[in-house]
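What follows is a single structure, written as structure tokens, with notes after it.
The values are calculated or read from the model by the stated rules, or taken from the named source; none is laboratory data. A quick note: this is a predicted structure, and the numbers were derived from the prediction, not measured. Note that we place each Cβ from the backbone using ideal geometry, even for glycine, and neighbour counts take in every protein chain shown. The accessibility values were calculated without ligands, DNA or RNA, using every heavy atom of the protein model including side chains. Shrake-Rupley method; radii C 1.70, N 1.55, O 1.52, S 1.80 Å.
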Amino acid sequence: MEFMTGYYRQNEDSTALLLQQYVCQGVPVCLGCICGGESREAGIAGGLFTGRILGEFRKLSLLRAVKQPLKCLKRMERQIYKYRQGSAIPPDFWMAGILSVEEEFLLFYEGAVKIALCNTGFGRPALHEIGGNDYMCGTGAGLQMQRGIMEAGIGVLLASESFYGNIPGEDMQNCLWVKEIRDSGQAQRRLRELGRMAERQGGRQIGALLLEVR
């Protein structure tokens, strides 16, 4: 199994990004998180949040993590929840992240974000929402977490609502078709193309991460 990643962030002052990739004993490990908001306070909160997650991740033994991935994910889940519960976060703050140890993964997200599975259906690109909050409809629910198993030939998109909501669904599906993305450089170019499209439609404080699995 191999991981390929790409990211896009519009404004570095208001959007924090964390992306770490390793291979330990042939097992790929990826930690990614992007967060921000409209206010300066949300940008600061994002920087503190990603810094804390990175600190907790570095306390782990990669060797133990690849041998006991579920135990690693559960520990990170507890630490993320503990830190988030003890932090003052502004109302406009949003966040989406993933920790994956080979096929085992942990998703965590909050605020105006969308999580989507990039897949193939009937020989065509497919995109399915698997998580996210809709604050425009009043259904935001605070910190959310999901654990599961990924298989080769899929992708996971973590995006701010300002990214996801300003791109036509067909354009996003075609651009993120897993069969056409061969390496991290291509994943990066595809997200950059979509991010600029969202900007032209008026999107602001845009952020997105893409993890492709081969």
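Data overview
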item	result
Pair list, Cβ < 6 Å and 6+ apart or interchain, from region 46-66 residues that are farther than 30 Å from residue 91 by Cβ to residues that are in a loop (DSSP other than H, G, I, E, B) and open to solvent by 20 Å² or more (accessible area, probe 1.4 Å)	66/25
Matching residues, region 83-111, being part of a strand (DSSP E or B) and farther than 17 Å from residue 28 by Cα	94, 95, 96, 108, 109, 110
Test for residue 56: is it outside any loop (DSSP other than H, G, I, E, B) and open to solvent by 40 Å² or more (accessible area, probe 1.4 Å)	no
Single residue of 100, 14, 61 found to be within 23 Å of residue 164 (Cα to Cα), modelled with pLDDT under 95 and either hydroxyl-bearing (Ser, Thr, Tyr) or out of contact with any strand residue (DSSP E or B) (no Cβ under 9 Å at 6 or more places or on another chain) (or both)	14
Leading residue by the ranking (farthest from residue 126 (Cα to Cα)) among those in region 177-198 that are open to solvent by less than 60 Å² (accessible area, probe 1.4 Å) and at pLDDT below 90	181
Candidates 103, 110, filtered to the one that is under 24 Å from residue 47 (Cβ atoms) and touching a residue at least 24 places away in the same chain (Cβ under 8 Å)	110
Positions within region 199-214 being farther than 25 Å from residue 105 by Cβ and touching a residue at least 40 places away in the same chain (Cβ under 8 Å), in sequence order	199, 203, 204, 205
Failed item in (1) of a type in the set (Gly, Ala, Ser); (2) open to solvent by less than 50 Å² (accessible area, probe 1.4 Å); (3) more than 19 Å from the chain's Cα centre (by Cα), with residue 6 passing the rest	(3)
Matching residues in region 20-45 - criterion: being closer than 27 Å to residue 149 by Cα, surrounded by fewer than 17 Cβ atoms within 10 Å (Cβ to Cβ) and touching a residue at least 12 places away in the same chain (Cβ under 8 Å)	20, 21, 22, 24, 25
Matching residues in region 26-45 - criterion: being of a type outside the set (A, V, I, L, M, F, W, C) and closer than 19 Å to residue 6 by Cα	28, 32, 36
